[in-house]
Amino acid sequence: MFDSPAARRAQAFAPQRLTSWLLLVSALLAIGATPALATPQSLDPTAPLPGGRYRSFLAPSEEAPESVAPFRMDLYAVTNQRFADFVARYPQWGPGQPPRIKADAGYLRHWIGGRMSPPQAQLPVVNVSWFAARAYCQAQAKRLPTIAQWELAAAAPDAARRGEGRAALTERILAWYGSPNRLLPVGSVYRNTYGLYDMHGGVWEWTDDFTQAAVQRDSRGENEQNQFCGASAGNASNREDYAAYMRFAMRSSLRAASTAGNLGFRCVATSHLQAR
């Protein structure tokens with residue numbers, strides 16, 4: 001019944017047709033695939049934060065605290081490996097590529113020969129400008145945190161020391177600020193109660209609105225750093241929080257093109273972005 005010439009030809013070509021269909025499907029999937037950082041699976045993992053109320057270190061005590069909406073923040077500071085993946089897709093952000101207006105001469109200078117070395121892979125990336133950090137976050141459909149978001153996230157205690165008071169945490173932070181610069185693999189310092197790693201004790205981190213720490217008085221004939229120190233001490237809402245004071249002093253010295261061997265970043269997203 002099925003032994004006609006047409007049937008025999010159909011049976012002979014059936015495996016070939018199946019193979020052809022499989023190859024076609026594979027090709028279509030490959031064409032539709034998006035580059036690494038654009039796929040949801042490759043987003044840096046985040047944790048949800050409830051938001052809250054934040055009073056700026058420089059705000060007068062009578063000023064109302066700022067309201068911060070819920071958001072998500074990267075669990076870790078961005079590593080050299082992740083930034084190298086970003087550079088592979090966006091070579092304009094590779095060593096020696098950004099114009100001086102977007103990155104100073106120290107940009108990625110720790111990548112010897114213009115390439116990340118394997119031992120650097122899990123260390124936080126440093127020597128990146130605000131422009132470069134912002135571009136990385138944008139490639140993940142995220143952005144840099146505001147000062148208020150970063151400070152709220154960093155105020156959470158060590159998850160392993162839940163009984164630790166704010167004063168004790170501040171002392172540990174100040175001890176880190178006073179210690180020699182030594183980069184450690186991300187996730188190796190501590191985890192806070194929000195699930196975020198190394199908010200202190202790792203690297204300083206860029207914020208989107210770092211210029212809010214800029215000097216407000218006339219700086220003519222006066223060193224800006226010294227002027228900031230004098231002005232902020234008188235306006236601080238909590239004069240004993242020297243750790244916060246040092247962060248604002250550091251931010252006040254930065255320009256968007258600045259880079260430093262202990263300055264990195266992490267990103268934030270709106271609260272509806274799912275953890276990856």
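Each residue of region 117-133 in turn: what ³J(HN,Hα) in whole Hz from Karplus with 6.51, -1.76, 1.60 and θ = phi - 60°, glycine and Pro shown as x?
8, x, x, 8, 3, 9, 7, x, 5, 10, 6, 10, 7, 4, 4, 5, 4
Using only the C-alpha atoms of region 74-226, find the volume of their convex hull and express it per residue in Å³.
147 Å³
For region 87-166, what is the relative contact order in percent, using Cα pairs closer than 8 Å and at least 6 residues apart in sequence?
Once divided by the residue count of region 87-166, the mean separation gives 20 percent.
Separation of region 86-109 and region 134-213 by C-alpha centroid, Å?
Centre-to-centre distance over Cα atoms comes out at 25 Å.
Average projected area of the Cα convex hull of region 74-134, in nm²?
Mean projected area of the Cα convex hull: 4.0 nm².
Taking amide H atoms as placed 1.01 Å from N in the peptide plane, list the residues 5 or more away in sequence, or in a different chain, whose amide H sits under 5 Å from that of Thr79.
Close amide H contacts, sequence-distant or interchain: Val125.
Values quoted throughout were computed directly from the atomic coordinates according to the rules given, and no laboratory measurement underlies them. These numbers come from a predicted model, not from an experiment.
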